[in-house]
Amino acid sequence: MPSEQGPPTERSILWRRLDRPGHDACRLFRQDSSWRLAGTAVFAHEGLPCRLEYEVSCNSAWETREARVSGWIGARPIDSRLSVDSARNWRLDGIESAPTRGCVDLDLNFSPSTNLLPVRRLRLAVGAEGRVRAAWLRFPSFSLEPLDQLYRRLDDATYRYESATGFTADLSVDEVGFVTRYPGFCEVEARG
């Protein structure tokens, strides 16, 4: 569980994909009064190589403020920019995304990195649960849509994640809030 003082000012992690060949390396760091996640996911999708770099910026309350995903899927270039204002109005590539109005967190469904955001923000006690409405950046379409989620803290290092899609998984997390085991999706290989 993340400590009361917050995570160290820098932390990194490497995940191995369980659902397909691939890895995701991510770094958490503080910049001025904001927190940033920066990483690169390299994996295979339907026989095509993919490389996706991402950076997510949050305020000190762990609320997403902006993000960028760039790279490629096969020969298709990807460059998606997201922003959210203080009224929680989201924009994808400069275009307002009315369906995601009110969402607090960004969920990158190709990476376990963004599960850290609600874990850090909600600060749940064991046995407590919190509802989240995330702006879900879908892979491989890179469309943005709302996704209702529930996080329930089962013990010091386990959260039950449920989404409106009917998906449920028990996520193991470290003391910072990074997922260390996401059944069927990924597991940690190294941390620093």
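Subtract the Cα-Cα distance of L14 and T158 from 0.36 nm times their separation in residues, and report this length gain in nm to one decimal.
Full extension of this stretch gives 50.0 nm more.
Which peptide among 85-94, 178-187 comes first, and what is the full order, when sorted by highest mean count of other Cβ atoms within 10 Å?
178-187, 85-94
Largest first, what is the accessible-area ranking of H45, H23 with a 1.4 Å probe?
Highest to lowest solvent-accessible surface, that is H23, H45.
How much of the accessible area of the chain, in percent, comes from carbon and sulfur atoms when a 1.4 Å probe is used?
Exposed carbon and sulfur together represent 48 percent of the surface.
Per DSSP H run of n ≥ 4, the term is -39500 (n - 2.57); total these for the chain, divide by its residue number, and report the mean residue ellipticity at 222 nm rounded to 500 deg cm²/dmol.
-1000 deg cm²/dmol
For region 29-163, what relative contact order do you get, as a whole percent, if you take Cα pairs closer than 8 Å and at least 6 residues apart?
That works out to 14 percent.
Which order do peptides 59-67, 158-166 fall in by mean Cβ count within 10 Å, highest first?
Going from most to least packed, we get 59-67, 158-166.
What is the antiparallel percent of DSSP beta bridges lying wholly in the chain, to the nearest 5?
For the chain, the DSSP antiparallel bridge percentage is about 95.
Grab the Cα-Cα distance for D148 and T165, subtract it from 0.36 nm times how many residues apart they are, and report the gain in nm with one decimal.
5.3 nm
Hey, if you put +1 on the Cβ of every Lys and Arg and -1 on every Asp and Glu Cβ in the chain, which of V119, C58, Y151 ends up farthest toward the positive end of that dipole?
The listed residue farthest towards the positive side: C58.
Starting from the Cα-Cα distance between S33 and E129, subtract it from 0.36 nm times their residue separation and give me the gain in nm to one decimal.
Between S33 and E129, full extension yields 31.8 nm more.
What translational D, rounded to a whole number of µm²/s, comes out for the chain from Stokes-Einstein when the hydrodynamic radius is the Kirkwood one over Cα pairs, at 20 °C and 1.002 mPa s?
It comes out at roughly 129 µm²/s.
Would you list the P(r) distribution for region 102-167, with all Cα-Cα distances sorted into 5 Å bins from 0 and each bin expressed as a whole %?
Per 5 Å bin, starting at zero, the Cα-Cα P(r) for region 102-167 comes out as 4, 18, 29, 27, 14, 6, 2, 0 percent.
Give me the 1.4 Å probe accessible area per residue for the chain, excluding ligands and nucleic acids, in Å².
Per-residue value: 45 Å².
Once Lys and Arg get +1 and Asp and Glu get -1 on their Cβ, which of A128, Q31, V104 lies farthest toward the positive end of the dipole of region 1-155?
Farthest towards the positive pole: A128.
The values are calculated or read from the model by the stated rules, or taken from the named source; none is laboratory data. Predicted, not measured: the structure shown is a model, and the values here were computed from it. Note: ideal-geometry Cβ built from the backbone for every residue, glycine included; neighbour counts use all protein chains shown. Each accessible area value is taken on the protein alone, full model and side chains, heavy atoms only, with ligands, DNA and RNA left out. Shrake-Rupley method; radii C 1.70, N 1.55, O 1.52, S 1.80 Å.
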